[in-house]
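First comes the structure, then the notes that go with it.
The values are calculated or read from the model by the stated rules, or taken from the named source; none is laboratory data. Fair warning: this is a prediction, and the values are worked out from it, not measured in the lab. We place every Cβ from the backbone using ideal geometry, glycine too, and count neighbours over all the protein chains shown.
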Amino acid sequence: MEFLNDVLVQPFADMAAAPDFLLQVLWEGLVGGVLYALIALGFVLIYKSSRIFNFAQGIMVVFAALTLVGLYEKGVPALLALPLTLAVMLVLAMTIERVVLRPLVNQPDIILFMATIGITLFLIGFGELIFGGENKVMITEQLFIPTGSIVFEPFGGFVSIEEKDLTAVIGAMVLVAALLVFLNKSKIGRAIRALGDDHQAALSVGISLSTIWVIVWFIAGVIALATGIVWGARAGVSFALEVIAFKALPVLMLGGLESVMGAIIGGLAIGILEKLFEIYWGQPLLGGNTEAWFAYMLALLVLLFRPQGLFGEKIIERV
Amino acid sequence: MFYRTAGQFKTSYQADHALFPVRQDAFLLGVILIFAFVIFPLTASEFTFRALLIPVLIYSLAALGLNILTGYAGQLSLGTGAFMGVGAYACYKLITIFPEMNIVVAIAMSGFFSAAIGVLFGLPSLRIKGFYLAIATLAAQFFLVWLFQKWAWLYNYNASGAIQVPNIEMFGITVAGPRATAITQYYFVLCVVCVITFFAINITRGRIGRMWKAVRDMDIAAELVGINLMRSKLMAFFVSSYVVGIAGALFVFLWRGAAEANLFDIPLSFRVLFIAIIGGLGSILGNFLGAILIVALPVIIGSVPQAFGIPLDSAMVEHLNIMIIGALIIAFLIIEPHGLARFWAMIREKFILWPFPH
């Protein structure tokens, strides 16, 4: 009885007792969710256009952020370092396409997945060799990201919103909007979606597979850079960031592998729910740190009822 | 050349399905076993046992378990490390609760615990497929490692949060714990690996193995020809997790001597997956070849700069190591996506036909 009370009643009583704290938790969850959504977006883009389950997205985030900070530390002005980092991501995209993807066209999914794990390991070693393994500070001020915090006082309480988090949320929204317009309106965007629908049909009407792949991996690189800046501003830049790739996987599964909308909604939902669960159920009842697995269990539960994720394309099997 | 098959006639259906269709295969296996049982123990140093021979055997066993699931039954698993952890913690609890229990019995029983957990997390495979299924196994991975950290009963409430292997004797010889010698541990692991490999070969060759392969190739078609999907998938999860659990118990008891929860984290799962894929999915031999490569590579890379007199600090070697392994994985996938086992199969084919080109 007491157990049921702890699980079903007490958390909600806590929420009602301190609505300002609840708002703070929701906001934190939302910011985390935006980041998950961004990483998942990188995954979805690559999966849509090439059916590659790109495990390297997480390390691309770290690599982009490290390149930016590393260039700045070498004396390059921050505003010049940004386009230079983009150039590095373009070169990376071209190299990956040429060296890894092109020889592996038409291989089974799991082989391509393993290849992206290979890319991940290579980039970890390469990045640590060049930039060192220690934690670096993201150059927030040099990129004109405000660092103050805004304090609200709703319900006679106290909610603090950091301006860099606010910038992150707005920046992510702009980025996603731009991406949606690009995918739906531009010629290249249509080509990307065509490749996603049917490889051979797209090839036969003259869409170049390799060019589109480079573009898609470059876009994923840009998203990675944006994620890296935002996340780096919160937690510093180091290879520990790599674990966020694992946070994005359940987001992806929850939303559906092919759906851009699914990645965004899934990301926000998981960000908020895992924070709520951790604060109100995880810490008092389970000893904390439930964020490590909550998203996976949630995704697993959803998948049991919808095997293609919330927004994924219905899986039709033929024999 | 060495593989002349001339004069070896099959006169019955049974002979066609024998374990060694070509006599030289049996001979080759005999030579390898002589090396493993006699020549290595006589020549290897303590370091070779601890850094090469024992880990190769244990990783091969773990990869064998994964290969049964992923290579034969076609169910992708990214949670091998956690299932190894279940085996290790189960064995630890059994040994500490029943100190007089024989370690062979304890290890054999700990496999059942991981098999049960494996079946539990395998249940979603009946509805979810492919990469979506990887989520179920990743859920197991993260949840179980979290449980190993938080559930103090598992590590007997000791302050360090780690499990420590006590000295365990079998027939008067210490086989596990700080007092055990490397050579006894090597023989112990070798015997377990040989027995399990023997069973694995025969399971995968027989009716059950063919059932799994049918499910792997197309599960709907398999269902239509009368294979019970639920039984065959869950059986694959059971057998695979059993073997993986035993590998986990050996991993801690006969090699590491102590373990914390994060030892079983995702890098271990990926390492085992690498071994299975580089060795070759759907092959027993491949696991051993892959394990030799993945275990020996860091040792070799570590020793090369010293041999040439190039001073490299250990952090640098570590980074180079990761980079080279990453590059090698990509290279292997491009050159031969079916793994080292296929390489061997092609070489063997060439030997049989030699000196003719086709």
Those residues of the stretch A:106-120 that are within 7 Å of chain B (Cβ to nearest Cβ), over 19 Å from the mean Cα position of the chain (by Cα) and either surrounded by 20 or more Cβ atoms within 10 Å (Cβ to Cβ) or of a type in the set (Val, Ile, Thr) (or both) come to a total of 5
Flag if A:Val251 is in contact (Cβ under 8 Å) with a residue 12 or more places away in the chain, surrounded by 18 or more Cβ atoms within 10 Å (Cβ to Cβ), on the phi < 0 side of the Ramachandran plot and more than 14 Å from every other protein chain (Cβ to nearest Cβ):
no
All but one of (1) within 14 Å of chain A (Cβ to nearest Cβ); (2) buried (at least 22 other Cβ atoms within 10 Å of the Cβ); (3) of a type in the set (Gly, Ala, Ser) hold for B:Gly161; which doesn't?
(2)
For the stretch B:127-137, name all the residues that are modelled with pLDDT under 80 and assigned to a helix (DSSP H, G or I).
B:Gly130, B:Phe131, B:Tyr132, B:Ile135
Report, by residue number, each residue of the stretch B:74-95 that is within 14 Å of another protein chain (Cβ to nearest Cβ) and either without any contact (Cβ under 8 Å) to a residue 40 or more places away in the chain or under 16 Å from B:Tyr132 (Cβ atoms) (or both).
B:Gly74, B:Gln75, B:Leu76, B:Ser77, B:Leu78, B:Gly79
Check on B:Ala88, closer than 13 Å to B:Gly248 by Cα, in contact with a strand residue (DSSP E or B) (Cβ under 7 Å, 6 or more places away or on another chain) and among the hydrophobic types (A, V, I, L, M, F, W, C):
yes
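Given the condition in a helix (DSSP H, G or I), within 14 Å of chain B (Cβ to nearest Cβ), touching a residue at least 60 places away in the same chain (Cβ under 8 Å) and crowded, with 22+ Cβ neighbours inside 10 Å, answer yes or no: does some residue in the stretch A:65-77 qualify?
Within the stretch A:65-77 (the criterion being in a helix (DSSP H, G or I), within 14 Å of chain B (Cβ to nearest Cβ), touching a residue at least 60 places away in the same chain (Cβ under 8 Å) and crowded, with 22+ Cβ neighbours inside 10 Å), the answer is yes, since at least one residue qualifies.
I need the full set of residues from the stretch B:141-156 which are more than 7 Å from every other protein chain (Cβ to nearest Cβ) and either surrounded by fewer than 21 Cβ atoms within 10 Å (Cβ to Cβ) or in a loop (DSSP other than H, G, I, E, B) (or both), in order please. Talk me through it step by step, then tell me what you get.
Initial filter on the stretch B:141-156 (more than 7 Å from every other protein chain (Cβ to nearest Cβ)): B:141, B:144-145, B:147-149, B:151-156.
Across the stretch B:141-156, the qualifying residues are B:Leu147, B:Gln149, B:Trp151, B:Ala152, B:Trp153, B:Leu154, B:Asn156.
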Can you name the residue in the stretch A:160-175 that is touching a helix residue (DSSP H, G or I) at 6+ places or on another chain (Cβ under 6 Å), modelled with pLDDT of 80 or more and not small (Gly, Ala, Ser) and is also surrounded by the most Cβ atoms within 10 Å (Cβ to Cβ) among such residues?
A:Val169
Can you list residue pairs whose Cβ atoms sit under 7 Å apart, with the first residue in the stretch A:106-117 being over 17 Å from B:Lys129 (Cβ atoms) and in contact (Cβ under 8 Å) with a residue 60 or more places away in the chain and the second being among the small types (Gly, Ala, Ser) and surrounded by 20 or more Cβ atoms within 10 Å (Cβ to Cβ)? Count only pairs 6 or more apart in sequence or on different chains.
A:Thr116/A:Ala56
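So, in the stretch B:244-290, of the ones that are at positive phi and surrounded by fewer than 24 Cβ atoms within 10 Å (Cβ to Cβ), which residue ends up farthest from the other protein chains (Cβ to nearest Cβ)?
Residues of the stretch B:244-290 that are at positive phi, as a first pass: B:257, B:280, B:282.
Next, from what is left, pick out any that are surrounded by fewer than 24 Cβ atoms within 10 Å (Cβ to Cβ): B:257, B:282.
Working: B:Gly257: 26, B:Gly282: 12 Å.
That would be B:Gly257.
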Quick check: is even one residue across the stretch B:259-276 of a type in the set (Val, Ile, Thr) and over 24 Å from A:Asp109 (Cα atoms)?
no
Inside the stretch B:335-353, the number of residues satisfying the requirement of being more than 18 Å from B:Gly71 (Cβ to Cβ) and either in contact (Cβ under 8 Å) with a residue 40 or more places away in the chain or acidic (Asp, Glu) (or both) is 4
Mind telling me which of the residues A:Phe277, A:Phe311, A:Phe246, A:Phe294 ends up being within 14 Å of another protein chain (Cβ to nearest Cβ) and not in a helix (DSSP H, G or I)?
A:Phe311
Which numbered condition in (1) modelled with pLDDT under 90; (2) outside any loop (DSSP other than H, G, I, E, B) is the only one that B:Val244 fails?
(1)
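Condition check ((1) part of a loop (DSSP other than H, G, I, E, B); (2) more than 23 Å from B:Ser114 (Cα to Cα); (3) not basic (Lys, Arg)) across all residues:
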| position | (1), (2), (3) |
| --- | --- |
| B:Ala139 | no, no, yes |
| B:Ala159 | yes, yes, yes |
| B:Pro166 | yes, no, yes |
| B:Pro178 | yes, yes, yes |
| B:Cys191 | no, no, yes |
| B:Ile196 | no, no, yes |
| B:Thr204 | no, no, yes |
| B:Gly209 | no, no, yes |
Starting from the stretch A:26-46, take each residue that is at negative phi and list its partners that are outside any helix (DSSP H, G or I) and hydroxyl-bearing (Ser, Thr, Tyr), counting only C-beta distances under 7 angstrom and pairs at least six apart or across chains.
A:Val44/A:Ser259
Can you find a residue that is over 28 Å from A:Val176 (Cβ atoms), within 13 Å of chain B (Cβ to nearest Cβ), crowded, with 23+ Cβ neighbours inside 10 Å and not aromatic (Phe, Trp, Tyr) anywhere in the stretch A:36-52?
no
For the stretch A:1-36 the number of residues that are assigned to a helix (DSSP H, G or I), in contact with a helix residue (DSSP H, G or I) (Cβ under 9 Å, 6 or more places away or on another chain) and under 23 Å from A:Ser160 (Cβ atoms) is 21
Check A:Ile139, A:Ile117, A:Ile207 and return the single one that is assigned to a loop (DSSP other than H, G, I, E, B), modelled with pLDDT of 85 or more and touching a Leu at 6+ places or on another chain (Cβ under 9 Å).
A:Ile207
Within the set of pairs 6 or more residues apart or between chains, which connect a residue that is within 11 Å of chain B (Cβ to nearest Cβ) and touching a residue at least 40 places away in the same chain (Cβ under 8 Å) inside the stretch A:78-105 to a residue that is crowded, with 17+ Cβ neighbours inside 10 Å and in a helix (DSSP H, G or I) with Cβ atoms less than 7 Å apart?
A:Ile96/A:Ile119; A:Ile96/A:Trp217; A:Leu101/A:Trp213
Subset of the stretch B:175-191 (residues that are under 17 Å from B:Tyr92 (Cβ atoms) and β-branched (Val, Ile, Thr))
B:Val175
Check B:Thr197 against each of (1) farther than 21 Å from B:Val244 by Cα; (2) surrounded by 13 or more Cβ atoms within 10 Å (Cβ to Cβ) and name the one condition it does not meet.
(1)
Could you grab me the full set of residues in the stretch B:329-353 that are among the aliphatic types (A, V, I, L, M), under 20 Å from the mean Cα position of the chain (by Cα) and at the interface with another protein chain (Cβ under 9 Å from one of its Cβ atoms)?
B:Ile329, B:Leu333
Which residue, of B:Val105, B:Val119, is without any contact (Cβ under 8 Å) to a residue 40 or more places away in the chain, more than 14 Å from chain A (Cβ to nearest Cβ) and part of a helix (DSSP H, G or I)?
B:Val105
Residues of the stretch A:89-105 being surrounded by 21 or more Cβ atoms within 10 Å (Cβ to Cβ) and β-branched (Val, Ile, Thr), in sequence order, are A:Ile96, A:Val100
